[in-house]
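Note sheet for the following structure.
The values are calculated or read from the model by the stated rules, or taken from the named source; none is laboratory data. All values derive from a computational prediction rather than experimental measurement. Here the Cβ is made from the backbone with ideal geometry for all residues, glycine too, and neighbour counts use every protein chain on show.
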Amino acid sequence: MSKLRVGIMSFAHLHAEGYIQNLRSMPDIEYIGFADHDAERLEKFGKQFDSKTYPDYAALLAEKPDAVIICSENNKHRELVELAASAGCHILCEKPIATNEADGQAMIKACADANVNLMIALPMRFSATAQQIKASLAKEGMGKIFCANTTNQGENPDYHRAWFSDKTLAGGGAVMDHTVHVVDLLRWYMNAEPIEVYAEVDNLFNKDNRLDVDTAGLLMITFDNGVFVTLDTSWSRPSFYPTWGNVKIDLIAERGVLRTDYFNQKLTVYEDQQQKPLWHFWGSDPNQGMIEEFFASIRENRPPLITGEDGLAALKVVLAAYDSAKQHDVVSIEHNNKS
């Protein structure tokens, strides 16, 4: 089996640092390097990861990679997806798919027209915990799901990448950053679509008043199967917290409760260099499973398990939440398809 040649477009997103390690661990993948429009990032991460770099995206695409992983600022996703699709590359794009619905739809169309795969980086479906929950629900032993209580809290990513707190580049704050993971899991678990959102969005965790994006959000989401969901999506953890974030979902059903903490497989590590306790996860790596699925979809000439349409469905909840917070009212969501 010939190796698939893969490059990374931008190191703006934190996850690029993990993806490069994932790629290098795969014997059937040839990682060819990365490009970035930010010269400082290009030099910094090129040295840090001993990686080949390209002065611009055109130079990377001129190497004719089979696929690219896009880790740019959120508002640049459309530009880079269209560029990669026009070069015939399959694409794994960091979440959220875009900062607005029109860009998301344009990205999906560009990839369909070019006959290349578009997968959105929503890795939680590939965690061992999520896979077990999905299998349990398929057995119908829990009966009808009535409601869910969920969280996706974390520290402010601005500590590591300043663009996360730039509304133009990120499209929003904690609600934009954290909502999509939980929504995607719930859509997948229940094969149902969110149809209504009520949200309270604020800047509670911006004590020095330097950020122009939200840091806290509480969403109440109704799905078309009648399930009611609450979601705390916030950057509420301090910089000295042991981990960057967490995802927890409690599914309350007819014959019991499924309580899940997706990052509970951890060791607490104390070391002089960090000067704070850290949680090192020893469980399965959802990102590895996601990347393996991306490449499997290319080799098998089929759509990936998480499509552009899935990414767009999750984004619609984010945009509805922001609208709801402005209107102080429930906002409806329309879906053209279910995946």
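Filter the range 233-254 down to the residues that are in contact with a helix residue (DSSP H, G or I) (Cβ under 7 Å, 6 or more places away or on another chain), in a strand (DSSP E or B) and not aliphatic (A, V, I, L, M), then identify the one that is nearest to residue 125 (Cα to Cα).
Residues of the range 233-254 in contact with a helix residue (DSSP H, G or I) (Cβ under 7 Å, 6 or more places away or on another chain): 233-235, 239, 247, 249.
Checking the rest, the ones that are also in a strand (DSSP E or B) come to 233-235, 249.
Narrowing further to those that are not aliphatic (A, V, I, L, M): 233-235.
Values: 233: 18, 234: 21, 235: 22 Å.
If we take residues in the range 233-254 being in contact with a helix residue (DSSP H, G or I) (Cβ under 7 Å, 6 or more places away or on another chain), in a strand (DSSP E or B) and not aliphatic (A, V, I, L, M), then 233 is nearest to residue 125 (Cα to Cα).
Could you look through the range 34-51, keep only residues that are outside any loop (DSSP other than H, G, I, E, B) and touching a strand residue (DSSP E or B) at 6+ places or on another chain (Cβ under 7 Å), and pick out the one that is surrounded by the fewest Cβ atoms within 10 Å (Cβ to Cβ)?
The first filter runs over the range 34-51 and keeps only residues outside any loop (DSSP other than H, G, I, E, B), leaving 34-35, 39-48.
Add one more test, that the residue is touching a strand residue (DSSP E or B) at 6+ places or on another chain (Cβ under 7 Å), and what stays is 34-35, 42, 46.
Working: 34: 28, 35: 23, 42: 20, 46: 17.
Per the criteria, the residue is 46.
Go through 68, 116 for me and flag whichever is part of a loop (DSSP other than H, G, I, E, B), out of contact with any Lys or Arg (no Cβ under 6 Å at 6 or more places or on another chain), at pLDDT 95 or above and not hydroxyl-bearing (Ser, Thr, Tyr). Give the steps one after another, and end with the answer.
Working: 68 fails: part of a loop (DSSP other than H, G, I, E, B).
None of the other options fit; the residue is 116.
Quick one: residue 42 ticks every box in (1) touching a Ser or Thr at 6+ places or on another chain (Cβ under 8 Å); (2) without any contact (Cβ under 8 Å) to a residue 24 or more places away in the chain except a single one, so which number is it?
Residue 42 satisfies every listed condition except (2).
Going by what's in this entry, would residue 196 be described as among the acidic types (Asp, Glu), surrounded by fewer than 16 Cβ atoms within 10 Å (Cβ to Cβ) and either more than 13 Å from the chain's Cα centre (by Cα) or within 17 Å of residue 14 (Cβ to Cβ) (or both)?
no
In the list 263, 294, which residue meets the criterion of being within 29 Å of residue 163 (Cα to Cα), in contact with a strand residue (DSSP E or B) (Cβ under 7 Å, 6 or more places away or on another chain) and outside the structural domain of residue 179 (by TED's automatic domain parsing)?
So the residue among 263, 294 that is within 29 Å of residue 163 (Cα to Cα), in contact with a strand residue (DSSP E or B) (Cβ under 7 Å, 6 or more places away or on another chain) and outside the structural domain of residue 179 (by TED's automatic domain parsing) is 294.
Being among the hydrophobic types (A, V, I, L, M, F, W, C) and modelled with pLDDT under 95 is true for just one of 98, 138. Which residue is that? Can you show your working first?
Numbers: 98 fails: modelled with pLDDT under 95.
Exactly one of 98, 138 is among the hydrophobic types (A, V, I, L, M, F, W, C) and modelled with pLDDT under 95, namely 138.
In this structure, is residue 314 touching an Asp or Glu at 6+ places or on another chain (Cβ under 6 Å), at pLDDT 95 or above, buried (at least 16 other Cβ atoms within 10 Å of the Cβ) and within 30 Å of residue 203 (Cα to Cα)?
Details: touching an Asp or Glu at 6+ places or on another chain (Cβ under 6 Å): yes; at pLDDT 95 or above: yes; buried (at least 16 other Cβ atoms within 10 Å of the Cβ): yes; within 30 Å of residue 203 (Cα to Cα): yes.
Taking the combined requirement at face value, the residue satisfies it.
Pairs only if they're at least six apart or on different chains, beta carbon under 7 angstrom, first in the range 88-112 and of a type in the set (Gly, Ala, Ser), second assigned to a loop (DSSP other than H, G, I, E, B) and crowded, with 24+ Cβ neighbours inside 10 Å; list them, first residue then second.
These pairs meet every condition: 104/97; 104/98.
Sort through 85, 12 and tell me the only one that's in the same structural domain as residue 103 (by TED's automatic domain parsing), in contact (Cβ under 8 Å) with a residue 12 or more places away in the chain and not in a helix (DSSP H, G or I). Full working, then the answer.
Numbers: 85 fails: not in a helix (DSSP H, G or I).
From the options 85, 12, the qualifying one is 12.
Within the set of pairs 6 or more residues apart or between chains, which connect a residue that is part of a loop (DSSP other than H, G, I, E, B) and β-branched (Val, Ile, Thr) inside the range 199-225 to a residue that is surrounded by 15 or more Cβ atoms within 10 Å (Cβ to Cβ) and at pLDDT below 85 with Cβ atoms less than 8 Å apart?
Close Cβ pairs satisfying both conditions: 215/156; 215/206.
How many of the residues in the range 88-101 are within 18 Å of residue 301 (Cα to Cα) and in a loop (DSSP other than H, G, I, E, B)?
2
Hey, among the residues in the range 224-268 that are of a type in the set (Phe, Trp, Tyr) and surrounded by 16 or more Cβ atoms within 10 Å (Cβ to Cβ), which one's farthest from residue 181 (Cα to Cα)? Please lay out each step first, then the result.
So the first thing to find is which residues in the range 224-268 are of a type in the set (Phe, Trp, Tyr), and the list is 228, 235, 240-241, 244, 262-263.
So of that shortlist, the ones also surrounded by 16 or more Cβ atoms within 10 Å (Cβ to Cβ) come out as 235, 241, 262-263.
Values: 235: 14, 241: 21, 262: 11, 263: 13 Å.
Of everything passing the filter in the range 224-268, 241 is farthest from residue 181 (Cα to Cα).
Could you say whether any residue in the range 57-65 is in contact (Cβ under 8 Å) with a residue 40 or more places away in the chain, assigned to a loop (DSSP other than H, G, I, E, B) and buried (at least 22 other Cβ atoms within 10 Å of the Cβ)?
Yes.
Select, from 293, 309, the only residue that is touching a Leu at 6+ places or on another chain (Cβ under 6 Å), part of a helix (DSSP H, G or I) and surrounded by 12 or more Cβ atoms within 10 Å (Cβ to Cβ). Reasoning before the result, please.
Numbers: 309 fails: touching a Leu at 6+ places or on another chain (Cβ under 6 Å).
Every option except 293 fails the conditions.
Out of all the residues in the range 263-278, is one or more at positive phi, at pLDDT below 95 and either outside any helix (DSSP H, G or I) or in contact with a helix residue (DSSP H, G or I) (Cβ under 9 Å, 6 or more places away or on another chain) (or both)?
Of the range 263-278, the ones at positive phi are 275.
Okay, now just the ones that are also at pLDDT below 95, so 275.
Add one more test, that the residue is either outside any helix (DSSP H, G or I) or in contact with a helix residue (DSSP H, G or I) (Cβ under 9 Å, 6 or more places away or on another chain) (or both), and what stays is 275.
Yes, that holds for at least one residue.
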